[in-house]
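The values are calculated or read from the model by the stated rules, or taken from the named source; none is laboratory data. Quantities reported herein were computed from a predicted structural model and do not represent experimental measurements. Cβ sites come from the backbone with ideal geometry, for glycine too, and all protein chains shown count toward neighbours. Only protein heavy atoms, including side chains, enter the accessible area calculation; ligands, DNA and RNA are left aside. Shrake-Rupley method; radii C 1.70, N 1.55, O 1.52, S 1.80 Å.
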Amino acid sequence: MPEQDEDDEKARIRNLNDSFRVSGQGGRIVSTQGIQQLSPVDQAAVFQKIRFFSAFTQANDPHGEHDFGSIAHGGEKIFFKIDYYNPKLEHHSENPADPTKTVRVMTVMLACEY
């Protein structure tokens, strides 16, 4: 694949991931027991921080897809990770840049649960 096509594909994936992370639409969001055990107020604050997360760097986003991040809340380190599945959620998507072929699943977890 030519370099420009790869850059365009990464930009499409990044834009879809950002849109999903901000709006919660275009995929599914799951959380671990650790997140579910937080108070409703703390859970809301965690998801608000994820929506506004913008500290993507080469270290935490080496592929430029905005599919992983780490935030802090209440003394806890919290990760979010976006994965790409086919529409039936049976295996990974063949093309994460195509929303008709991809369901995004964002997992939110306490770092200690990783």
Practice item. Along Cα→Cβ, 7 Å out, is where each label goes; now give me the distance between the ones at E113 and T32 in nm to one decimal. Key: 0.6
Exercise for review: Compute the signed sum of charges (Lys and Arg +1, Asp and Glu -1) over the other residues within less than 15 Å, Cβ to Cβ, of G24.
Suggested key: +4
Review point. If you take the Cα Rg of the stretch 22-79 and divide it by 2.2 N^0.38 Å, with N the number of residues, what do you get?
Key: 1.17
Exercise for review: Whole number in Å², please: accessible area per residue of the chain, 1.4 Å probe, ligands, DNA and RNA not counted.
Suggested key: 61
Check your understanding: Per q in 0.13, 0.14, 0.15 1/Å, what log10 I(q)/I(0) does a Debye calculation on the alpha-carbon atoms of the chain return?
Key -> -0.50, -0.58, -0.66
**Study point:** Difference of contour (0.36 nm per residue) and Cα-Cα distance, S19 to F52
**Key:** 10.8 nm
Review point. To the nearest 10 degrees, how steep is helix 3-23 against the longest Cα principal axis of the chain, on a 0 to 90 scale?
Key: 30
**Study point:** Span from the the stretch 87-110 Cα centroid across to the the stretch 55-75 one, whole angstrom
**Key:** 19
Check your understanding: Using a Förster distance of 22 Å, how high is the FRET efficiency between T100 and A59, based on the Cβ-Cβ distance and rounded to 0.05?
Key -> 0.10
Point to revise | Computed [θ] at 222 nm, helices only, for the chain once each DSSP H run of length n ≥ 4 contributes -39500 (n - 2.57) | key: -10500 deg cm²/dmol
Check your understanding: Modelled label-to-label distance, S70 and Q43, 7 Å Cα→beta-carbon offset: nm?
Key -> 2.5
